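Below is one structure, written out as structure tokens; comments come after it.
The values are calculated or read from the model by the stated rules, or taken from the named source; none is laboratory data. Just so we're clear, the structure is a prediction, and the values are computed from it rather than from any experiment. Note that we place each Cβ from the backbone using ideal geometry, even for glycine, and neighbour counts take in every protein chain shown. Ligands, DNA and RNA are stripped out before the accessible areas are found, and what is left, the full protein with its side chains, is counted by its heavy atoms. Shrake-Rupley method; radii C 1.70, N 1.55, O 1.52, S 1.80 Å.
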Amino acid sequence: MPEQQRTALADQAARQAAINERARNVVIDARAGTGKTTTLVARLVEMVAPTDGTAAVPIGRIAAITFTRK
């Protein structure tokens, strides 16, 4: 199995935990090309349109920041 595929499978539980966390802020720190933006977008979607029956977070209460250090 290619290294990238193994990594994706190995950290799926951590990604899902970051997506579903509602009680605290989450920092996602990983190397380039590992799916940080995809995880962040999935988290934001889950916050404004929850699939677990919890109340949605008002869009005005959400701040998301991404950056690249070069």
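Descriptive notes on the structure:
- Screening the candidates VAL48, VAL27 for the property of being at pLDDT 85 or above and surrounded by 10 or more Cβ atoms within 10 Å (Cβ to Cβ) yields one hit, VAL48.
- Condition met for GLY53 (loosely packed, with under 11 Cβ neighbours inside 10 Å, at positive phi and modelled with pLDDT of 90 or more): yes
- Long-range neighbours under 8 Å by Cβ, at least six apart or interchain, first residue assigned to a loop (DSSP other than H, G, I, E, B) within the range 46-58, second open to solvent by 80 Å² or more (accessible area, probe 1.4 Å): THR54/ARG22; VAL57/ARG22
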